[in-house]
Each structure stands twice: as structure tokens, then as C-alpha cells.
Amino acid sequence: MRTLCSSTLIGEFFVIGFAGLVAMKDDSLAMSTVWWVCGVAMVFSVLLCGMVTRPGGVQLGWALQIVLILSGFVVPTMFFLGAVFAGLWWASVHYGRRIDDIKARWAEAQTAGASAGPDAA
């Protein structure tokens, strides 16, 4: 799960940064507002990469996704991006846990095979 979730968060980091550059072209938004919203989201995305596997890490990821959607009230583009990111986060958590289960079963089978020794076959 760590790999998929961290990859999603790093992807969010870059997309939010590029979205901030695009949003700065909008004359109705102050540059400081755009960078405040985008900058904070980018910092949390990177920090969360190291916390994904810790207790509460996935919940913090969900909180980040909700905040990204709500940041659409400040930078309207973030409504769409936040919804896309929430979908990606769900997929990362869901499929990441499935991959972890498969890897654990495979490692268990390898350990059981190794402990049985070469004469077991």
C-alpha cells in the first residue's frame, strides 16, 4: 500500500503545483491566495508520504483529499482536481491493501517451502 499511496501523493504534489501556476493566470485570484492553498496542499502531500503506513496515515490521506475538494471554494479548479484525487486515493488504498495481502501470502508460502527443506518434495 505504501508504494501506491506514496505515488499518488507525489503525483498530487506535481499536479497541484502545475494547477497553481495555471490558477495564477486568473485575474480574480490573488497570487498569494493561490500559493497559500496550493503550497499547503503540496507540503502535506509530501509529508504524508512518510506517514502512510503509520496508524492514522490513511485517515490523514482522506482528510487531505477532503480539504483539497473544499479548497475549490478558494480556487475553483480544485473542486475537479480534488474529486479526481479522492478517486485516486481510494484506488491506491483499496488496491494497495490487496497487493499487500498477496505479497504477504506469497512470502508466507515461500517461508513455508523453505522451512520444509529440499527433501519435503
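For the chain, count all C-alpha to C-alpha pairs, find those more than 24 Å apart, and express that count as a whole percent of the total.
Numbers: 2830 of 7260 pairs.
That tail contains 39 percent of the Cα-Cα pairs.
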Quiz item: In the chain, carbon and sulfur make up what percent of the accessible area (probe 1.4 Å)?
Solution: 70 percent
Practice problem: Considering only protein heavy atoms, with the full assembly of protein chains and a 1.4 angstrom probe, order Leu88, Leu81 by accessible area, largest first. | Solution: Leu88, Leu81
Practice problem: Show me 50-63, 98-111 ranked by packing, highest mean number of other Cβ atoms within 10 Å first. | Solution: 50-63, 98-111
Quiz item: How big is the Cα convex hull of the stretch 1-51 in projection, averaged over all directions, in nm²?
Solution: 3.2 nm²
Exercise. Could you provide, to the nearest whole Å², the per residue accessible area of the chain with probe 1.4 Å?
Key: 63 Å²
Quiz prompt | Percent of Cα-Cα distances greater than 20 Å, calculated over the stretch 54-118 | solution = 49 percent
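The values are calculated or read from the model by the stated rules, or taken from the named source; none is laboratory data. Given the structure is predicted, the values throughout are model-derived calculations rather than measurements. Ideal geometry is used to build each Cβ from the backbone, glycine not excepted, and the neighbour counts take in all protein chains shown. All accessible areas refer to the heavy atoms of the entire protein, side chains included, with ligands and DNA or RNA removed. Shrake-Rupley method; radii C 1.70, N 1.55, O 1.52, S 1.80 Å.
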